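Beneath this line is the structure, given in structure tokens, with notes to follow.
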Amino acid sequence: MKGRTVLQAKRFGTYRCNTNTSLSQAAQSMVEYEVSSMVVVDNDNYLVGIITRADVLRAYLEHDDWETLTVERYMHCEVEIVTPHTPLIEAARMLVDHQARQVVVVEEEGGKQRPVAIISATDLVYHMLKD
């Protein structure tokens, strides 16, 4: 992991939804794609947040009509981000320091952030074992 960048270690692509997606649709996508979170994007596919399985569970526990609520109501707007050129070791430090489960890899475009991948703790442990 040491000496490698996010670009050298991660397959690119994200599972995403937008703020108007229902929590039911988001949950179904997470189950279908076997992912624990999805990036939330605006209509131009720029990052606005992240929604996790835990967020969906929280909505389920708080509301009988959770399926009809939108992602916007439960997503996190503050997202840990890195660029494709960020060293993997720095991404690992961010996860630990911020007690996050993942960081979103973004490319900057005119002051906005386009999500291109997600790095999880699982990904980083995999690369630790390869060293």
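Read-outs throughout are calculated quantities, based only on the coordinates presented, and are distinct from any laboratory measurement. Since we're looking at a predicted model, the values are computed, not measured. Note that each Cβ is placed from the backbone with ideal geometry, even for glycine, and that neighbours are counted across all protein chains shown.
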Of all residues in the stretch 1-27, count the ones that are closer than 25 Å to Glu90 by Cβ, outside any helix (DSSP H, G or I) and of a type in the set (A, V, I, L, M, F, W, C).
2
Any chance the stretch 58-75 includes a residue that's surrounded by fewer than 19 Cβ atoms within 10 Å (Cβ to Cβ) and under 22 Å from Arg93 (Cβ atoms)?
no
Members of the stretch 41-60 that are hydroxyl-bearing (Ser, Thr, Tyr), farther than 18 Å from Glu108 by Cα and not in a strand (DSSP E or B):
Tyr60
Of the residues in the stretch 61-76, those that are part of a helix (DSSP H, G or I) and closer than 13 Å to Ile51 by Cα come to Val71, Glu72, Arg73, Tyr74
From the list Ile50, Ile89, which one is within 20 Å of Ile119 (Cα to Cα), touching a His at 6+ places or on another chain (Cβ under 7 Å) and surrounded by 14 or more Cβ atoms within 10 Å (Cβ to Cβ)?
Ile50
Which one of these does Ile89 not meet: (1) closer than 18 Å to His127 by Cβ; (2) in contact (Cβ under 8 Å) with a residue 40 or more places away in the chain; (3) assigned to a loop (DSSP other than H, G, I, E, B)?
(3)
Suppose we filter Met30, Met38 for residues that are part of a strand (DSSP E or B) and either surrounded by 14 or more Cβ atoms within 10 Å (Cβ to Cβ) or touching a residue at least 12 places away in the same chain (Cβ under 8 Å) (or both); which single one remains?
Met38
When the stretch 92-131 is examined, which residues are found to be part of a helix (DSSP H, G or I), surrounded by 15 or more Cβ atoms within 10 Å (Cβ to Cβ) and among the hydrophobic types (A, V, I, L, M, F, W, C)?
Ala92, Met94, Leu95, Ala121, Leu124
